[in-house]
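To start, the structure itself, in structure tokens.
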Amino acid sequence: QVQLVESGGGLVHPGDSLKLSCAASGRTSALYVTGWFRQAPGKEREFVASITSSGGSTFYSDSVKGRFTISRDNTKNTVYLQMNSLKPEDTAVYYCAAAPFDGATRSYTYKYWGQGTQLTVSS
């Protein structure tokens with residue numbers, strides 16, 4: 001099993017920066033990718049960013065590209081999301097999720113999810 005715990009959320013003003021953390025524990029060695037998702041009230045959950053376990057590849061949604069940076073520190077089993085130039089539309093609960101690789105289908109599925117951390121961007 002893998003456990004994920006997000007932290008670092010809070011209330012900030014437009015234009016501010018904030019850094020979220022996702023600490024992983026348990027059987028993490030087989031994980032292929034870790035991602036950040038967010039869900040605003042009344043909205044569908046959406047993909048934000050992801051990073052491979054090696055840190056060699058990153059992906060971003062168009063809405064955050066150029067403003068957010070995902071990174072990891074494998075010595076701490078922690079994935080980060082640096083968020084700059086925050087906008088009110090970034091307000092959401094942010095979740096981290098981790099996916100093992102499926103050798104049979106040669107794909108991956110997000111299997112483990114954290115409890116989420118709230119980000120509110122308001123003037």
(request) Just give me the residues in the range 77-123 being over 21 Å from T58 (Cβ atoms) and hydrophobic (A, V, I, L, M, F, W, C), in sequence order. (result) V93, A104, V121
(message) For the range 4-45, give me the residue count where each residue is at negative phi and in a loop (DSSP other than H, G, I, E, B).
(response) 14
(request) Kindly indicate whether K65 is open to solvent by 60 Å² or more (accessible area, probe 1.4 Å) and without any contact (Cβ under 8 Å) to a residue 12 or more places away in the chain. (result) yes
(message) If I go through the range 94-117 residue by residue, how many of them are farther than 18 Å from A30 by Cβ, open to solvent by 40 Å² or more (accessible area, probe 1.4 Å) and outside any loop (DSSP other than H, G, I, E, B)?
(response) 1
(message) Out of N84, N77, I need the residue that is of a type in the set (S, T, N, Q), modelled with pLDDT under 95 and within 15 Å of the chain's Cα centre (by Cα). Which one?
(response) N77
(request) With respect to R45, determine if the residue is in contact with a Lys or Arg (Cβ under 8 Å, 6 or more places away or on another chain), under 23 Å from D90 (Cα atoms) and either β-branched (V, I, T) or open to solvent by less than 20 Å² (accessible area, probe 1.4 Å) (or both). (result) no
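The values are calculated or read from the model by the stated rules, or taken from the named source; none is laboratory data. Note that the structure is predicted; figures quoted are calculated from it, not measured. Every residue, glycine among them, receives a Cβ derived from its backbone with ideal geometry; neighbour counts consider all protein chains shown. Please note that ligands, DNA and RNA were not included when accessible areas were found on the heavy atoms of the full protein model with its side chains. Shrake-Rupley method; radii C 1.70, N 1.55, O 1.52, S 1.80 Å.
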